[in-house]
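Encoded as structure tokens, the structure appears first; notes follow it.
The values are calculated or read from the model by the stated rules, or taken from the named source; none is laboratory data. Predicted, not measured: the structure shown is a model, and the values here were computed from it. FYI the Cβ positions are ideal-geometry reconstructions off the backbone, even for glycines, and counts take in every protein chain you see.
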Amino acid sequence: MYALIYDEYDLSKPRKKVISVHKSRETAEKALAQRMKKLGKRVWECNTRIVWAKIKVAAGDVITTGDFDTWRPGETIPVGERYMDSD
């Protein structure tokens, strides 16, 4: 299942709060768009991202970095997401 998590990208904080849970990436993306609109912020400003939860989770749960991946196993990763940005 896909989840929106609150992530400050701070390695010293491996526990992430689950904001919402979704059956598809598309519904998770819609929820992320609604959250950005509600907060009046861009995606990188609202500290929220979509992940694939490896365990069963519900909104309000806290998961650790080992409990999720950025992409679901077997999911097609867009070309722009395959490589790290570099200068």
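Residue by residue, here is whether (1) without any contact (Cβ under 8 Å) to a residue 60 or more places away in the chain; (2) in contact with a helix residue (DSSP H, G or I) (Cβ under 7 Å, 6 or more places away or on another chain); (3) loosely packed, with under 13 Cβ neighbours inside 10 Å; (4) not in a loop (DSSP other than H, G, I, E, B) holds:
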site	(1), (2), (3), (4)
LEU32	yes, no, no, yes
LYS38	yes, no, yes, yes
VAL43	yes, yes, no, no
VAL51	yes, no, no, yes
GLY60	yes, no, yes, no
### Message
Consider the stretch 64-87. How many of its residues are in a strand (DSSP E or B) and either at pLDDT 95 or above or surrounded by fewer than 16 Cβ atoms within 10 Å (Cβ to Cβ) (or both)?
### Response
2
### Message
Under 7 Å between Cβ atoms, which residue pairs at least 6 apart in sequence (or on different chains) link something in the stretch 1-29 that is in contact (Cβ under 8 Å) with a residue 24 or more places away in the chain and of a type in the set (S, T, N, Q) with a partner that is surrounded by fewer than 20 Cβ atoms within 10 Å (Cβ to Cβ) and in a loop (DSSP other than H, G, I, E, B)?
### Response
SER20/ALA59
#### Entry: Evaluation of ASP10 against (1) of a type in the set (D, E, K, R); (2) at pLDDT below 95; (3) surrounded by 11 or more Cβ atoms within 10 Å (Cβ to Cβ); (4) not in a strand (DSSP E or B) (one fails), failing number
(3)
